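In what follows, a single structure is set out as structure tokens and then discussed.
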Amino acid sequence: FWGLPPLPLALPPPLGTQAPFLRVALLAVELNHHQEVQVIVSVLPQFLYILVMLVGYILMSSLLAMYLFQDLHHAKDYHELPQAMWALFICLTTANYPDVMMPVYSQHRWGFVFFFIYLLLGLFFGCNLMTAVTYSTWQSQCAQVQEERKAVRAENLGRAFDVLQVDGHVEFTQMMEVCWQLNLNTRVEYMNESRAQFLFALLDSDDTGTLDRDEFMRVCDVLGLFFERADTNTVPFDQRFPRLARLGLLQVVDEPWFEQMVDLLLVLNVVASAWRTFTPYGLSPYQRSLFEVADAMFTACYVLEAAAKVLVWGWGQYWACDKNKFDFAITLCSFLTAAVVYVPNYYNNPLLIRAVLLFRLLRLLRLGMHIEGVQRIFTSFLRVIPHGRRLLSVVFVVLFSFAALGMRLYGGCINTDPLSPYSAALQGTDYAALQYHPLNFNDMSSGIMTLYVLLMMNNWFVIVE
């Protein structure tokens, strides 16, 4: 406040060092991840059982490897038990294979049998079994959480009905007041008067003008429905453009062969782009002019295609199809980019020409929509995206938490200062030879990047060592 003496803004050392963990805790609460945390905690016991079995398997395999390979001069990884367990654990992730096998295999070919059996049981059976058990436990826990949520919802709806009911029924006016109160909740789609009346009509299955207990218990199910208003104001093409309709030229967009011709045009565009790219000695001025004319013709054809569909179907019907939205966006970007490139102006950027080619290649995705299997996979991918956002937010919370912990434990240990003892300790290591110095826990962004590299499982043991 104005006039008050300045207050210390820095947190005391014990509390200030916990600030990153407080931030991630607040973030987890804000993102409402209590269900995911509950599922993860329930999976941990089963995961620990599998982890104990995995450690036992690595221990037995290490003892067997020491018994078989300890007399080999170059197989130094199997002379001591901790070193053998570490090498076989890395081998189970395939990060050091076949390097871990080559000292043995170069002296005795039969050494391959040990590693074949070890990876067969540990990697192909053990790791897949661990994934299957973890997924099964997670699935059963998710089902249990859903049942608990349904029970809580039924209990709360029952209480709400007891409060609102008059002689065992909820009147229309009371239900409208409930809808107005629900509009104050940002998680519920806003309901105007017509939508609220429509939802009440869906609930009132017996057309009595009131809701009994069974009808009221379906409130949440009806609120979760999504309705799309149909465009009934679109005038048919023959009424909007009678002269063009009599010519019968634009109606060809409804014919199946029209889409086939567009697909053929896309293929020709790809062939022309590939021919232009794979020319070994560059393009002559004449060839360059030909390709420019071809690009302009392809762009004009795509623009005419979109214009014809909008004229015949109307904007509402055209924009209702997701494929048309994708084609229109690509066509618009290609047209605007081509206009900037080919219209004389003071702006000259060769990257825009590559952008035009890139936009054209994106339209090839529509060819996959004609294949039923590809279309099914693409549709499934779109349906998974909303759930994937919650998964990515959970992964971010986990990475942020471990990055903050890594900063507390290893912050400042990785550096290139020649006077630092940490820098001297890195000399001669694989970490320094591979120039992995940017992968450290000196700051939050570097820590998150280091953890992301560890998730990829490639050379993770170099960073750990």
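The values are calculated or read from the model by the stated rules, or taken from the named source; none is laboratory data. Please read these numbers as outputs of a predicted model, since none were measured by experiment. FYI the Cβ positions are ideal-geometry reconstructions off the backbone, even for glycines, and counts take in every protein chain you see. Note: accessible area is taken over every heavy atom of the protein model, side chains too, but ligands, DNA and RNA are not part of it. Shrake-Rupley method; radii C 1.70, N 1.55, O 1.52, S 1.80 Å.
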- Task: Consider Ala432 carefully, then state whether it is modelled with pLDDT under 90, surrounded by 13 or more Cβ atoms within 10 Å (Cβ to Cβ) and among the hydrophobic types (A, V, I, L, M, F, W, C).
- Result: yes
- Task: Please note which helices (runs of 4 or more DSSP H) are completely contained in the stretch 303-385 and include at least 3 residues that are within 32 Å of the chain's Cα centre (by Cα), at pLDDT 80 or above and among the hydrophobic types (A, V, I, L, M, F, W, C).
- Result: 322-342
- Message: Report every pair of residues separated by at least 6 positions or lying on different chains whose Cβ atoms are under 7 Å apart, first residue within the stretch 410-424 and within 15 Å of Pro438 (Cα to Cα), second part of a helix (DSSP H, G or I).
- Response: Cys413/Tyr422; Ile414/Tyr422; Asn415/Tyr422; Asn415/Ser423; Thr416/Ser423; Asp417/Ser423
- Query: So how many residues does the stretch 62-94 have that are within 24 Å of Ile463 (Cβ to Cβ) and not β-branched (Val, Ile, Thr)?
  - Reply: 16
- Would you check which residues across the stretch 167-207 are open to solvent by 80 Å² or more (accessible area, probe 1.4 Å) and of a type in the set (Ser, Thr, Tyr) and list them? Thr173, Thr186, Tyr190, Ser205
- Matching residues, the stretch 319-338, being surrounded by 18 or more Cβ atoms within 10 Å (Cβ to Cβ) and aromatic (Phe, Trp, Tyr): Phe328
- Task: Can you run down the residue pairs with Cβ atoms below 6 Å, 6 or more apart or on separate chains, where the first is in the stretch 166-186 and in the same structural domain as Asp214 (by the TED database) and the partner is of a type in the set (Ser, Thr, Tyr)?
- Result: His169/Thr210; Glu171/Thr210; Asn183/Tyr190
- Query: Somewhere in the stretch 411-428, is a residue open to solvent by less than 30 Å² (accessible area, probe 1.4 Å) and modelled with pLDDT of 90 or more?
  - Reply: no
- Can you work out which of the residues in the stretch 211-224 that are touching a residue at least 24 places away in the same chain (Cβ under 8 Å) and open to solvent by 20 Å² or more (accessible area, probe 1.4 Å) is farthest from Val163 (Cα to Cα)? Leu223
- Go over the candidates Ala154, Ala132 one by one and state the one that is closer than 30 Å to Phe47 by Cα and open to solvent by less than 60 Å² (accessible area, probe 1.4 Å). Ala132
- Message: Condition first: part of a helix (DSSP H, G or I) and not assigned by the TED database to the domain that holds Trp86. Can you find one or more residues in the stretch 412-419 that meet it?
- Response: no
- Item | Enumerated helices (runs of 4 or more DSSP H) restricted to the stretch 33-127, each holding at least 3 residues that are closer than 30 Å to Gly388 by Cα and open to solvent by 80 Å² or more (accessible area, probe 1.4 Å) | 34-69
